[in-house]
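A quick write-up on the structure given underneath.
The values are calculated or read from the model by the stated rules, or taken from the named source; none is laboratory data. Quantities reported herein were computed from a predicted structural model and do not represent experimental measurements. Positions of Cβ are generated from backbone atoms using ideal geometry, with glycine treated the same way; all protein chains shown enter the neighbour counts. The accessibility values were calculated without ligands, DNA or RNA, using every heavy atom of the protein model including side chains. Shrake-Rupley method; radii C 1.70, N 1.55, O 1.52, S 1.80 Å.
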Amino acid sequence: MKILISGGAGFIGSNVAEQLLNLGHHVFVIDNLSTGKISNLDDRAVFFEADITSEQLDKLFNQIKPDQVLHFAAQVNVNRSIEDPLLDEETNIKGTVNILENCKKHGVKKIIYASSAAVYGVPQNLPIAESHAIDPISFYGISKFVPEQYIKTYAALYGLKYTILRYSNVFGPKQDHVGEGGVVSIFINKMLKNESLTVYGNGEQTRDFIYVQDVVSANIAAIDSEINGVFNVSTNTTISLNELVRIMSEFNSQKVELTYQESRVGDIIHSCLDNSSAISHLNWKPKYSLEEALKDTFDYYRRETINNEFI
Ligand SMILES: NC(=O)c1ccc[n+]([C@@H]2O[C@H](COP(=O)([O-])OP(=O)(O)OC[C@H]3O[C@@H](n4cnc5c(N)ncnc54)[C@H](O)[C@@H]3O)[C@@H](O)[C@H]2O)c1
């Protein structure tokens, strides 16, 4: 199958691209490299450096003629969305509408969209099912939800098939560890440099972490699925930041130093997504234990650190 991946030079998109190539699909990546990296790209993928908001998309869709589009490209930084809501709106909303217009024009059969737990806002009950109220507390959360509505309306008007996957906290190899990257990659990279880790709050806040390979398999299940739908993609388990650090400390040869700072405004204390609908309807389930996934990720960054020292 010909699969176009927007944001395929980023963390999740590049992991998905690699597995689709292993399965024999033809993979085309569109990315403006704003946070993505050329080094994340698999040589077997065809890469176009382009912005999803640009008119260039028409020409690229015409050239590629994809069967399905996996849409990951987005402004993903919550704090940046608060500082610059227009950029967030431009990339995440206008960019998605541009993708959808081209899906319609060029006969794409299906779109798979990377949405987020951020659409729910502060949980009213846990675990959060897909039927939970949508009440985002950041512009990022709004800009991830509005495209869901566009996708459903394109489906209703033009018969485009879709799967919307709302991810919990994803971690794994290739995640950015500078600035606002994920807490796992930031902590591991600080540990490898023997720097102290900063936890906001008392560390007892909990998250539902999911390994990127389980997100990859959810996307592959969605490609094969015949039903349109919105699904949480998570492990439906929680772990506190303190416990997370304790597990990762066991992989590190040096003692890990931890400093606590005041919690940040808007930080959600407990988050956990109910994944039972994806398990029942997508023929998918997460298969990695948190410990083995953290170990894989730790080993990946350790190898990266060693390789970089020799460059
Ligand atoms: N990482 C998580 O925990 C998480 C959780 C929920 C949802 N998501 C969603 O998953 C998707 C991928 O996130 P990620 O963590 O891999 O982030 P990432 O920043 O690594 O990937 C995003 C990619 O999109 C590209 N991009 C950004 N703006 C673009 C534009 N205008 N045109 C073309 N390319 C553009 C970037 O260069 C990057 O390669 C995003 O849609 C994000 O909202 C991620």
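Going by the conditions given, is residue 227 open to solvent by 20 Å² or more (accessible area, probe 1.4 Å) and assigned by TED's automatic domain parsing to the domain that holds residue 112? Walk me through how you get there before you give the answer.
Numbers: open to solvent by 20 Å² or more (accessible area, probe 1.4 Å): yes; assigned by TED's automatic domain parsing to the domain that holds residue 112: yes.
Here the answer is yes, as residue 227 does meet what is asked.
Out of (1) aromatic (Phe, Trp, Tyr); (2) in a helix (DSSP H, G or I); (3) surrounded by 23 or more Cβ atoms within 10 Å (Cβ to Cβ), the odd one out for residue 150 is which?
So residue 150 meets the others, but not (3).
Anything in the range 128-139 that is under 10 Å from residue 232 (Cβ atoms) and either assigned to a loop (DSSP other than H, G, I, E, B) or open to solvent by 90 Å² or more (accessible area, probe 1.4 Å) (or both)? List them, or say none.
Step one: list which residues in the range 128-139 are under 10 Å from residue 232 (Cβ atoms), which gives 128-130, 132.
Passing the criteria: 129, 130, 132.
Tell me which residues, restricted to the range 109-127, are in a loop (DSSP other than H, G, I, E, B) and open to solvent by 10 Å² or more (accessible area, probe 1.4 Å).
Kept after step one, since they are in a loop (DSSP other than H, G, I, E, B), are these residues of the range 109-127: 109, 120-127.
109, 122, 123, 124, 125, 126, 127 - these are the residues of the range 109-127 that are in a loop (DSSP other than H, G, I, E, B) and open to solvent by 10 Å² or more (accessible area, probe 1.4 Å).
Considering only residues that are farther than 22 Å from residue 117 by Cβ and touching a helix residue (DSSP H, G or I) at 6+ places or on another chain (Cβ under 9 Å), which ones fall in the range 251-276? Explain how you work it out, then say what you get.
Of all residues in the range 251-276, those farther than 22 Å from residue 117 by Cβ come to 251-262.
The answer is 251, 252, 254, 255, 256, 258.
Which one is surrounded by the fewest Cβ atoms within 10 Å (Cβ to Cβ) among residues in the range 1-26 that are free of Cβ contacts under 8 Å to residues at least 60 places away in the same chain and more than 20 Å from residue 165 (Cα to Cα)?
24
Within the range 99-108, work out how many residues are surrounded by fewer than 19 Cβ atoms within 10 Å (Cβ to Cβ) and either within 9 Å of the ligand (Cβ to nearest atom) or in a helix (DSSP H, G or I) (or both). If you could, list the steps in order and put the result at the bottom.
So in the range 99-108, the residues surrounded by fewer than 19 Cβ atoms within 10 Å (Cβ to Cβ) come out as 101, 104-107.
From the residues that got through so far, the ones that are either within 9 Å of the ligand (Cβ to nearest atom) or in a helix (DSSP H, G or I) (or both) too are 101, 104-105.
Residues that pass the stated criteria total 3.
Hey, does the range 156-170 have a residue that's under 13 Å from the mean Cα position of the chain (by Cα), closer than 21 Å to residue 305 by Cα and part of a loop (DSSP other than H, G, I, E, B)?
So far as the range 156-170 goes, no, none of its residues is under 13 Å from the mean Cα position of the chain (by Cα), closer than 21 Å to residue 305 by Cα and part of a loop (DSSP other than H, G, I, E, B).
Quick check on my filter: what residues within the range 90-112 are touching a helix residue (DSSP H, G or I) at 6+ places or on another chain (Cβ under 6 Å) and among the charged types (D, E, K, R)?
Result: 104, single match.
Given the condition of a type in the set (D, E, K, R), open to solvent by 40 Å² or more (accessible area, probe 1.4 Å), closer than 17 Å to residue 169 by Cα and touching a residue at least 12 places away in the same chain (Cβ under 8 Å), answer yes or no: does some residue in the range 265-274 qualify?
Initially, the range 265-274 is screened for residues of a type in the set (D, E, K, R), giving 267, 274.
Narrowing the set further to residues that are open to solvent by 40 Å² or more (accessible area, probe 1.4 Å) leaves 267.
Subset that is closer than 17 Å to residue 169 by Cα: 267.
Restricting the remaining residues to those that are touching a residue at least 12 places away in the same chain (Cβ under 8 Å) gives 267.
Yes, that holds for at least one residue.
Only one of 186, 142 is away from the ligand (no atom under 11 Å from the Cβ), without any contact (Cβ under 8 Å) to a residue 40 or more places away in the chain and within 21 Å of residue 13 (Cα to Cα); which? Give the derivation first.
Details: 142 fails: within 21 Å of residue 13 (Cα to Cα).
Going through 186, 142 in turn, the sole match is 186.
Return yes or no: is residue 202 in a loop (DSSP other than H, G, I, E, B) and either outside the structural domain of residue 42 (by TED's automatic domain parsing) or open to solvent by 60 Å² or more (accessible area, probe 1.4 Å) (or both)?
Details: in a loop (DSSP other than H, G, I, E, B): yes; either outside the structural domain of residue 42 (by TED's automatic domain parsing) or open to solvent by 60 Å² or more (accessible area, probe 1.4 Å) (or both): yes.
Taking the combined requirement at face value, the residue satisfies it.
Considering only the range 119-139, I want to know if a residue exists there that is more than 18 Å from residue 268 (Cα to Cα) and of a type in the set (A, V, I, L, M).
no
Tell me, which helices (runs of 4 or more DSSP H) wholly within the range 1-98 include 2 or more residues that are away from the ligand (no atom under 13 Å from the Cβ), assigned by TED's automatic domain parsing to the domain that holds residue 142 and under 17 Å from residue 220 (Cβ atoms)?
Working: elements: 11-22, 56-64, 78-83, 85-88.
Where helices (runs of 4 or more DSSP H) fall fully within the range 1-98 and carry at least 2 residues being away from the ligand (no atom under 13 Å from the Cβ), assigned by TED's automatic domain parsing to the domain that holds residue 142 and under 17 Å from residue 220 (Cβ atoms), they are 11-22.
Within the range 123-139, can one find any residue that is within 15 Å of the ligand (Cβ to nearest atom) and either at positive phi or free of Cβ contacts under 8 Å to residues at least 12 places away in the same chain (or both)?
No.
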